[in-house]
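Trainee: Dumping the structure here so I can ask a few things about it.
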Amino acid sequence: MMLRNILLAGAAALTLPTASLAHFQLAYTEESQIAQSGEVPMSLVFWHPFEAGHVMDMTQPLDFYAIHRGERIDLNGTLTETTFTSDSNTGVAFDASVPVRRSGDYVVVVEPAPYYEESEDIYIQQITKTYLNRNELPTDWSEPQGLVTEILPLNKPYNIAVGSTFTGQVLAEGQPVAGAEIEIEFMAATPNMETHAANEATASPLPGGAIVAISDSDGYFTFGIPRAGLWGFAALGSGPQTEFEGKELSQDAVIWIRAYDIE
C-alpha cells in the first residue's frame, strides 16, 4: 500500500489540474522542539507561503487550543490581532502564544472562521493542526483530536527525516475519506515574527501548479520529503459541511510537519 500511495502522489502531482497558488492556514512557531519551559510565540496567517504570495484577511478564529496529554488548553485569550506583510500585500493576522511547560506533545488546533474567496465565489475553512514537543517525550501526536475533519499523522510530525516519507490519513467525523485531494506546500517563505512580514523565499514553486496527492480507499496518502523545513498538507473539501451563508464551503483539513536533514 505504501508504494502505491507514493505512486499516486507522484501521478496526481503531474496530471491533476489545480490552482497554481495554494491557500494555507499557518500556525507558525520558529521551533517545534522546545527546550525550556515558557510561552512559545505563534503566528496565525492565512496566505501562500511557498511563494510569499497574497495574504488573506483573517477574522477572529472560532476556536484556538492545544491538546497536551489528552487535556485541552484554551488559547483564545492569547490572540492579538495584527497585520502581516507579504511580497504582494498586507492582511489581517493574529499573534498568539502556547504555554509549553511539561514534557510531551502539544497539538495546536486552529478552527478559523470561513473565509470568502471572491475570485471563486466560495468560502474556505482550513481546520489546522501543528505540533510542538518538549524534551523529546511523545504523548499525543498519534491520536486523532476528534475534529470535524483532520489529517492523522502516521509518522511523528515534528521530526521527519529528509529523504523519508510522511503518511497521513484523512478523516471526517472520525471516518476515513477516500479520494480526497491533498495539496502539498513547502513553507519556502517563513514569517518574521518581529517584523510581521515574510522572510525571503528560499525556493520557488514547481512548474505545473500545486503538488497534489489523492487519498486511497482507506483515506491514506504518502509523500516523500525532499527538503528540510515545514511542509503543509491540505485535504480539500474533506469536511462534512459544504455550505456557508448560502454559498459553497470548502471545509479543509490542514496539518503542518517539520523535516530535518540528517547530518
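Trainee: If you take the beta carbon distance between GLU245 and GLU136 as r and set R0 to 45 Å, what does 1/(1 + (r/R0)^6) give as a FRET efficiency, to the nearest 0.05?
Mentor: 0.50
Trainee: Treat each spin label as a single point 7 Å out from the Cα along the C-beta direction, and report the GLN33 to ARG101 distance in nm.
Mentor: 2.5 nm
Trainee: A further question follows. For the residues THR90, THR139, what sequence is obtained by ranking on other C-beta atoms within 10 Å, fewest first?
Mentor: By the 10 Å Cβ count, ascending, the order reads THR90, THR139.
Trainee: Okay, next question. At a threshold of 8 angstrom on Cα-Cα distance, excluding pairs fewer than six apart, so keeping six or more, what relative contact order does the stretch 61-146 reach in percent?
Mentor: Result for the stretch 61-146 is 30 percent.
Trainee: A further question on this structure: Between TYR260 and ASP57, what is the spin-label point distance in nm, taking each point 7 Å from the Cα along the Cα→C-beta axis?
Mentor: A separation of 4.1 nm, rounded to one decimal place.
Trainee: Now, a different point. Cα centroids of the stretch 33-65 and the stretch 222-263: how far apart, whole angstrom?
Mentor: Answer, in whole Å: 14.
Trainee: Given the options VAL162, VAL110, VAL170, which has the most mean-square fluctuation in a GNM of the chain, springs set between C-alpha atoms less than 10 angstrom apart?
Mentor: VAL162
Trainee: Running a GNM on the chain with Cα contacts under 10 Å, which residue among ILE67, ILE127, ILE184 ends up with the highest mean-square fluctuation?
Mentor: Sorting by GNM fluctuation, first place goes to ILE67.
Trainee: Still on this model: Which distance in nm do the two modelled labels at ARG227 and GLU117 give, with both placed 7 Å along the Cα-to-Cβ direction?
Mentor: Once both label points are built, they end up 2.2 nm from each other.
Trainee: May I ask you to derive the relative contact order of the chain, considering only C-alpha pairs under 8 Å and at least 6 residues apart, and to give it as an integer percent?
Mentor: Here the relative contact order equals 23 percent.
Bear in mind that the values in this text are calculations on the coordinates, not laboratory data. What you see is a predicted model, and the numbers here were worked out from it, not measured in a lab. Please note: Cβ atoms are built from the backbone with ideal geometry, for glycine as well, and neighbour counts cover all protein chains shown.
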